[in-house]
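The values are calculated or read from the model by the stated rules, or taken from the named source; none is laboratory data. From a predicted model like this one, the values you see are computed outputs, not experimental measurements. In this analysis, Cβ positions are derived from the backbone assuming ideal geometry, glycine residues included, and neighbour counts consider all displayed protein chains.
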Amino acid sequence: MKKVIVTGGAGFIGSHTVVELAAAGYAPVIVDDLRNSEERALTGLAALLGRAPVVHRVDCGDEQAMREVLEAEGEVHGVIHFAADKAVGESVAHPTKYYRNNIGSLAVLLELMRQRGIRSMVFSSSCTVYGEPKELPVDETAPDRNAASPYGFTKVACEQLLRDEVSASPMLKAVLLRYFNPIGAHPSGLIGELPRGVPNNLVPYVSQAAAGLRDRLIIHGADYDTADGTCVRDYIHVVDLAKAHVTALDWMGQRPAPLCEAFNLGTGRGNSVLEVVRTFEAVNGVPVPHAIGPRRAGDVESVFADTRRSAEVLGWRARLTLADALRDAWNWQRRLG
Ligand code: UFG
């Protein structure tokens, strides 16, 4: 079985990807220091996999520790690099933390991959690299890469680092996956998102408001130039997103190096904040207390994916609906209590 290092494999998208890798016959090896995840994710994974996942509890940006992991694991087919800081607001307050961790860990991994002859990397990028797109849906060639936060710029910088490294290393293959808005949870209810403290993102907040853990959701602005005045995003089920990583690894495996390609991972549909709230209420039969508040600094008005390239080149498309994702998010929230 081909071993795949999954940095951040105890996190939200990482844990779902571990499940899909195992189902596809890969041997996932998690590298995660659990700084932003919990033991519960590993317990859930063990239940889903039918055995304890392989986990190295180290910081993937710690070069010595990471070197020891790779030595212990022997032959490794590729790396999926999820581990990163991802809170947009925190990145504005602490930019150095973001540049150091997000770019530094990628640099460590690339260096070690080069030393050990590991040829394939799948990188977690984001639609944030597009900033406020001029045209919708946004495709991978969109020219205006004016990311709206230090977090966003770390993704732009990491993509550039990968392009430069591939140019310099003819044996290297990289796929840059630009996620739109990942939501939902595994339908089993065994793994899902574990936000710490007050959630920043919409769907965890909606779930907590529905569960009575928050007074009400504040909708950040209803005066945008959209159908109902609230912002529009492309919400993609985390299980669809996880499967795309397996597709990307398979696809890279069939192609020669050097290779560096970017793909949008979204559904191609845009939904407003109010549509998310109403769909959540309809599919789950629970009210979501909410009120309109002021705009949130840095929010883009509308962004959704042009998915043609990922469908035509990679052969991947999202299958699950917004309703599926919101049903699974609520199922997970109820188990969390
Ligand atoms: N929103 C609310 N109330 C909340 C939380 C969110 O109204 O309590 C709104 C936001 O204003 C936005 C929408 O819900 O209009 C989605 O917000 P999220 O925070 O869930 O997601 P973002 O689109 O802001 O951010 C996501 C990722 C980032 C990435 C960004 C790129 O979380 O990692 O997309 O656009 F950088």
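Does A291 count as surrounded by fewer than 18 Cβ atoms within 10 Å (Cβ to Cβ), in contact (Cβ under 8 Å) with a residue 40 or more places away in the chain and within 19 Å of I80 (Cβ to Cβ)? Criteria not met by A291. For W316, the conditions (1) over 19 Å from the mean Cα position of the chain (by Cα); (2) at pLDDT 95 or above are fulfilled apart from (1). Count of segment 24-53 residues, restricted to those that are without any contact (Cβ under 8 Å) to a residue 24 or more places away in the chain, on the phi < 0 side of the Ramachandran plot and either in a helix (DSSP H, G or I) or small (G, A, S) (or both), is 4. A search for C-beta distances below 8 Å between a residue of segment 191-205 that is touching a residue at least 60 places away in the same chain (Cβ under 8 Å) and within 15 Å of V88 (Cα to Cα) and any residue that is assigned to a helix (DSSP H, G or I) and more than 8 Å from the ligand (Cβ to nearest atom), counting only pairs 6+ apart in sequence or on different chains, returns N200/G89.
Every residue in segment 138-172 that is within 27 Å of H237 (Cβ to Cβ) and not small (G, A, S), please. Once the filter is applied, which keeps residues that are within 27 Å of H237 (Cβ to Cβ) and not small (G, A, S), segment 138-172 yields V138, D139, E140, T141, R145, Y151, T154, K155, V156, C158, E159, L162.
So that you can scan it fast, the table gives a plain yes or no per residue for (1) under 21 Å from the mean Cα position of the chain (by Cα); (2) crowded, with 19+ Cβ neighbours inside 10 Å; (3) in a strand (DSSP E or B):
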residue: C60; (1), (2), (3): yes, yes, no
residue: E71; (1), (2), (3): no, no, no
residue: V92; (1), (2), (3): yes, no, no
residue: T96; (1), (2), (3): no, no, no
residue: L106; (1), (2), (3): yes, yes, no
residue: E132; (1), (2), (3): yes, no, no
residue: C158; (1), (2), (3): yes, yes, no
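One residue alone among S105, S125 is touching a residue at least 60 places away in the same chain (Cβ under 8 Å), within 11 Å of the ligand (Cβ to nearest atom), touching an Asp or Glu at 6+ places or on another chain (Cβ under 9 Å) and among the hydroxyl-bearing types (S, T, Y), and that residue is S125. Of the strands (runs of 3 or more DSSP E) lying entirely inside segment 201-309, the ones with 2 or more residues being aliphatic (A, V, I, L, M) and within 14 Å of the ligand (Cβ to nearest atom) are found at 217-220, 290-293. Once segment 64-91 is narrowed to residues that are in contact with a Ser or Thr (Cβ under 6 Å, 6 or more places away or on another chain) and within 15 Å of the ligand (Cβ to nearest atom), the residue that is nearest to V198 (Cα to Cα) is V88.
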